[in-house]
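Here, each number is a calculation from the coordinates, and none is a lab measurement. What you see is a predicted model, and the numbers here were worked out from it, not measured in a lab. Every residue, glycine as well, gets a Cβ built from its backbone with ideal geometry; the counts of neighbours run over all protein chains shown.
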Amino acid sequence: MKYFFIILMGTLLTSVASAQEKLPVISPYNYLNIRELFLDSVNRHTALKTILREDTSGLYDIDTTEKRSFFHRKLFKEHLLEFRQKDYNVFIDFLPDFTIGRSNRDKTLWLNTRGARVQANIGKKFYMESSFYENQGVFPVYIDSFVSASRVIPGQGAIKYSDKLGKSYDFANVNALISYTPIQFFNVTLGYGNNFFGDGYRSLILSDIPFSYPYLRMTTELGRVQYTAMWAQFIDKQGKTYGQAYEDRGFNKKWGAFHFLDWNVSRKLTIGLFDAIVWGDVDTSGMKRGFDWSYANPIIFLRPAEYSVGSSDNATLGMNVKYKLLPKLTTYGQFFLDEFKFKEFFGNKGWWANKWGLQAGFRSFDLFKVPNLDLQGEFNMVRPYTYSFRNTLGNYAHYNQSLAHPQGANFKEALGILNYHYKRWNLRGQLTFTQFGADRTPKDNVGQNIFKSYNDRNQEYNNKIGQGLKTNLFYGQGTVAFVLNPKYNLRLEASAALRNEKNDLRTNREFIFNFGLRSTFRQFYYDF
């Protein structure tokens, strides 16, 4: 019955797709075309993602003089099913991710993902999107180590093992987004996915590296100011369970409230101010707490509100800065503050609670005057114990991954990314050098593992970045892709990656090659 409905719907949609009056498409920017905002002569707000835009390319009918078959159009130019009318648009796509590869650790790698996405616009004020992915796969050895420790695939949620498919992982994930803009200056979004605050490849204040979560986001733009308030519910998979009654409710929950004010000071300078609170759904005695209405006001200062309820929650602050040095060169940076005491911060004694992170980077477009040759460079550093808390109900994490950087804390990182687009060809190269301090034994806590309580820290003073088991990590990847259909980023892709992790106890070196047919605009971070 469901297949009959799909066929019937497809026939209906394609039969009316030639309507003359159409509505501009409302759709999200993605990491592949965000460069348009940086190159605009107007200083755009680029830090908050997802960004919705109006795409007028669908206003024009297919050139009937170009005698292409229905199959050719669907494979290379159009959505699988699309319906454009004067009052609404509907797009349906099949999103495959089929890859096969090999690791030098004597392991055959593969991924079998079948996904589907539905997008719809109703008028110029409403946009919705829903996607579903069913996955089985075999991953490199270093990803296996991460999965063994966290029981999740990076960015894609919980797993179960499937011995029938060669000890592979079986996992599924969904995303959904409903966006409504009742007036020009105000948008409200209800979603199940993730968010990103920043202009870099990484974000130290809120990143999209973890698994999806439910959120409500309100954004207002008045003149040069964009203000965002967001509330989200996260999962604490490592936290202690307090009583049988709470176990019956599934995984432990925790909440987050976020505010971000982005001000275009001039045509070149943008300054963003950020604050956030994370708190547990239950307290340490096992009493149900739920959503704390002290943080419900979208314009309240969160730190004083947190203090008013007994200073029991994890309060953080941040800043995001962007400056356009040249028309095609933009610099950016972030500062994240997790704890502050004036005397200790400037005392230069390495107090454990001097918890902060710093980012500096640049984006250069059309490098050496070569069209579509773009270079990005970035440096990140985070002090020990940043993002951690007394317990995992309040740490800055969701579903066993950090809400900020995949390395957690206690690290320095330098990375470079080179992108080149030519017609439908895309070449990408990335080099990442990271130095971090790890725990030598399970009983240690040198500040890198944000899931350990900072009450169990190794020392009070003389803490510095890289303390503990000094580890050097190199990650390099090169990718060549031919885009078959830009509507849903269907492409043939080949990639090779080298990862080398070395410290006094071990050396892990892995070379990985993959080839496949891939789709969607999802971005996963395996470079850790």
> Using Cα atoms only, what is the angle between the long axis of helix 141-150 and the major principal axis of the chain, expressed in degrees (0 to 90) to the nearest 10?
Replying inline: 60
> Length gain on complete extension for the stretch Phe433 to Arg224, per 0.36 nm per residue less the alpha carbon to alpha carbon distance?
Replying inline: 71.6 nm
> For P(r) over Cα pairs in 10 Å bins from 0, in percent, which listed value, [x] 3, 16, 25, 24, 17, 10, 3, 1, 0; [y] 3, 17, 28, 29, 17, 6, 1, 0; [z] 4, 20, 31, 27, 14, 3, 0, comes from the coordinates shown?
Replying inline: [y]
> Applying 1/(1 + (r/R0)^6) with R0 = 41 Å to the Cβ-Cβ distance of Asn297 and Lys470, what FRET efficiency is obtained, to the nearest 0.05?
Replying inline: 0.35
>> With a cap of 14 neighbouring Cβ atoms within 10 Å, and only residues DSSP puts in a loop, list the GluC sites (Glu not before Pro) found in the range 445-528.
In response: Glu460
> So what's the gap between the Cα centers of the range 490-521 and the range 313-361, to the nearest angstrom?
Replying inline: 31
> If the range 268-383 were replaced by its equivalent ellipsoid, with semi-axes equal to the square roots of 5 times the Cα gyration tensor eigenvalues, what would those be, largest first, whole Å?
Replying inline: 37, 19, 13
> Picking from Asn314, Gly357, Tyr295, whose Cα lies most toward the positive end of the charge dipole for the range 253-366 (charges on Cβ: Lys, Arg +1; Asp, Glu -1)?
Replying inline: Gly357
>> Which lysines, if any, have their Cα less than 19 Å from the Cα of Lys502, not counting same-chain residues under 8 positions apart?
In response: Lys412, Lys470
> Given N residues in the range 74-204, what is Rg(Cα) / (2.2 N^0.38 Å)?
Replying inline: 1.34
> Out of Val174, Asn463, Thr331, whose Cα points farthest toward the positive end of the dipole of the chain (charges: +1 Lys, Arg; -1 Asp, Glu; placed on Cβ)?
Replying inline: Thr331
> Taking the alpha-carbon centroid of each part, what is the distance from the range 32-53 to the range 251-270 in angstrom?
Replying inline: 16
>> Rounded, prolate or oblate for the range 418-528? Axes are the square roots of the Cα gyration tensor eigenvalues, ordered a ≥ b ≥ c, and the cut-off for rounded is a/c under 1.5.
In response: prolate
> Can you give the net charge of the other residues whose Cβ lies under 15 Å from the Cβ of Pro406, counting K and R as +1 and D and E as -1?
Replying inline: -2
>> Quick check: pseudo-label points 7 Å beyond the Cα along Cα→Cβ at Leu52 and Arg73, how many nm apart are they?
In response: 2.8
> Where the only charges are on Cβ atoms (+1 Lys, Arg; -1 Asp, Glu), what is the dipole of the chain about its Cα centre, to the nearest 20 debye?
Replying inline: 780
>> On a full-extension model of 0.36 nm per residue, what is the gain between Ser266 and Ser453, subtracting their alpha-carbon distance, rounded to one decimal in nm?
In response: 63.1 nm
> When only Cα pairs under 8 Å and 6 or more residues apart are kept, what is the percent relative contact order across the chain?
Replying inline: 12
> Using the alpha-carbon atoms, what tilt in degrees (0 to 90, nearest 10) does helix 2-15 show relative to the longest principal axis of the chain?
Replying inline: 60
> Mind checking which aspartates and glutamates have their C-alpha under 18 Å from Lys487, skipping anything on the same chain fewer than 8 residues away?
Replying inline: Glu36, Glu54, Asp55, Asp61, Asp63, Glu78, Glu82, Asp93, Asp97, Glu129
> How about Lys443: which aspartates and glutamates have a C-alpha closer than 17 Å to its C-alpha, ignoring those fewer than 8 places off in the same chain?
Replying inline: Asp456, Glu460
> Nearest 0.05, what FRET efficiency do Arg506 and Glu460 give at R0 = 35 Å with Cβ-Cβ as r?
Replying inline: 0.75
> chymotrypsin sites (Phe, Trp or Tyr not before Pro) within the range 171-241: which are DSSP loop residues with at most 16 other Cβ atoms inside 10 Å?
Replying inline: Phe185
> Given charges of +1 on the Cβ of Lys and Arg and -1 on the Cβ of Asp and Glu, with all other atoms neutral, how large is the dipole of the range 379-528 about its Cα centre, in debye to the nearest 20?
Replying inline: 380
> For the range 440-502, what is the charge dipole size about the Cα centre, in debye to the nearest 20, if Lys and Arg each add +1 at the Cβ and Asp and Glu each add -1 at the Cβ?
Replying inline: 40
> Where the centroid of each part is defined by its Cα atoms, how far is the range 181-227 from the range 397-431 in Å?
Replying inline: 20
